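Colleague: Encoded as structure tokens, here's the structure I'll be asking about.
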Amino acid sequence: MATGTTEDVRRANLSAILRILYHGGPASRTALSKRTGRNRSTIGSLVTDLVELGIVVEREPDSLGQVGRPSPVVSIGPKLVALAVNPEIDVLTIGLVGLDGRLRRTIRHECERIPSAAEVVSITAAVIAGMQLELEGLLVAGVGVAVPGLVRTGDGLVRIAPHLGWRDEPFAAPLAAMTGYPVQVANDAALGALAEHEFGAGRGTDHLIYLNGGASGIGGGVISSGRLLGGTSGHAGEFGHLRVSSSPVVDSAGIAGTLEAEVTRAELLEALGPGRTNPATFEADLLADRSPAVDAVVDRQLGHLGTAVAAAINLFNPEVIALGGFLSALQAYDPARLDRAVRESALQPSAESVTITPAALGADLLMVGAAGLAFGPVLANPSSLST
């Protein structure tokens, strides 16, 4: 598994075991031994370390029908959590997520106007301060923030979040100073891709594209060979800015004829009419309305979405394309229309092997993805919790 100093080897082995449990769920000591190539004595010692750190728990398996002494089953414990944050133009969402990927609590702060970066930092810090009693006795890995914009992942600087009106905002540092927790920031759709890969529609696959449609436009993330493509500065995956038409309509970055310019939630809401703006009921409202006005808007948007999806297929040859936010509602309205649009522009051999599906994690997706960002350092070095 690993070479180097004794400390380096042990750190790598602890990380390997924790990642197996994180990605694959509970496993017996015997299974961990087979997966890692370490003997049962070594696995026992490593698992004991993880138990003492409070990260995993062990239980005796169901021994019915088994011969000999059964191997204890190891699973992610309930103590390790992360705080997840997602600012949008109309709401700030803060969640508490366990290492098992389960969203334990969600707090939504409705915004009467688009919040500034400083306001989001202040509100988030106040909410987290109010959660301290709830966090007592838990191990908080840190805070992960999913921002609808371009983020310099090295230091958490938000280069530009067009819909929020943020530019070159040093988000991570002030939030860390106000909360006392380590803070990491990344693009929301990229984190959605990671969450779907680890816990959702892309679990068990190595090649996934996630496309998300929200109030702040359209973003995306690419998982290739099991890894998130970040690019030089972490800005890769901006599918919303792919040109799909010759229309003069511009997107949030001022680029004409893009997917984000042509496919918008606002246009769908306008077609649905007044009183149909509740995000919780949006998909149900859309699917229930088969009026000519709605049908025409959906048909046109699905054509443009199909063009972008086909480009993604041609470029990355994915196994799965997961659609989140209002894009999944568009697909559900007329899946055959989307399939036709994709086939018109996609290379047939690549299109034959791809599944286009709604994101499996639904409304929890960005919370789970943001928390995964905060869990990253612990997954890389579980012993860091004891320092």
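Colleague: What is the antiparallel percent of DSSP beta bridges lying wholly in the chain, to the nearest 5?
Modeller: Of all bridge pairs located within the chain, approximately 65 percent are antiparallel.
Colleague: In units of 2.2 N^0.38 Å, what is the alpha-carbon radius of gyration of segment 229-387?
Modeller: 1.19
Colleague: Answer with a single label: of [x] -0.69, -1.08; [y] -0.75, -1.27; [z] -0.81, -1.39, which was calculated as log10 I(q)/I(0) by the Debye sum over Cα atoms at q = 0.10, 0.13 Å⁻¹ from the structure in view?
Modeller: Evaluating log10 I(q)/I(0) by the Debye sum over Cα atoms at q = 0.10, 0.13 Å⁻¹ on these atoms matches [x].
Colleague: Before rounding to the nearest 500, sum -39500 (n - 2.57) across all DSSP H runs of length at least 4 in the chain and divide by the residue total; then give [θ] at 222 nm in deg cm²/dmol.
Modeller: After summing the helix terms and dividing by the residues of the chain, the value is -12500 deg cm²/dmol.
Colleague: Shifting gears a bit: Once amide H atoms are built 1.01 Å from N in the peptide plane, which residues 5 or more positions from V185, or in another chain, come under 5 Å H to H?
Modeller: Under 5 Å from the amide H of V185: V145, G156.
Colleague: Among 318-324, 201-207, how do they line up from the highest to the lowest mean number of other beta-carbon atoms within 10 Å?
Modeller: Top to bottom by mean Cβ count within 10 Å: 318-324, 201-207.
Colleague: Please list 173-182, 259-268 highest first by mean number of surrounding beta-carbon atoms within 10 Å per residue.
Modeller: Ranking, from highest mean packing down: 259-268, 173-182.
Colleague: If you don't mind, there's one more thing I want to ask. Pairs of Cα atoms under 8 Å, at least six residues apart: use those to get the relative contact order of segment 69-147, whole percent.
Modeller: 37
Colleague: In percent, what relative contact order does segment 201-360 have, based on Cα pairs under 8 Å that are 6 or more apart in sequence?
Modeller: Taking the mean separation of contacting Cα pairs over the length of segment 201-360, I get 26 percent.
Colleague: Where does helix 117-130 land angle-wise versus the long Cα axis of the chain, in degrees 0 to 90, nearest 10?
Modeller: Its long axis makes an angle of about 40 degrees.
Colleague: Now for a different question. If every alpha-carbon in segment 6-76 counts as one equal scatterer, what log10 I(q)/I(0) does Debye give at q = 0.17, 0.21 1/Å?
Modeller: Taking Cα atoms of segment 6-76 as identical point scatterers yields -0.58, -0.86.
Colleague: Further question on the same structure: Using all C-alpha to C-alpha distances in segment 319-372, build P(r) with 10 Å bins and read off the rounded percent in each one.
Modeller: It works out to 22, 46, 24, 8, in whole percents.
Colleague: So if each residue of separation counts as 0.36 nm, and I subtract the Cα-Cα distance between E110 and V250, what length gain in nm does that give?
Modeller: My answer for the length gained is 47.6 nm.
Colleague: Relative to the first principal axis of the alpha-carbon coordinates of the chain, what is the inclination of helix 292-316, with its axis defined by its Cα atoms, in degrees from 0 to 90 and to the nearest 10?
Modeller: 50
Colleague: Report relative contact order for the chain in percent, whole number only (criteria: Cα-Cα under 8 Å, sequence separation at least 6).
Modeller: Relative contact order, the chain: 17 percent.
FYI, it's all coordinate maths here, none of it is from the lab. What you are looking at is a predicted structure, and each value in this text was computed from that prediction instead of being measured. Positions of Cβ are generated from backbone atoms using ideal geometry, with glycine treated the same way; all protein chains shown enter the neighbour counts.
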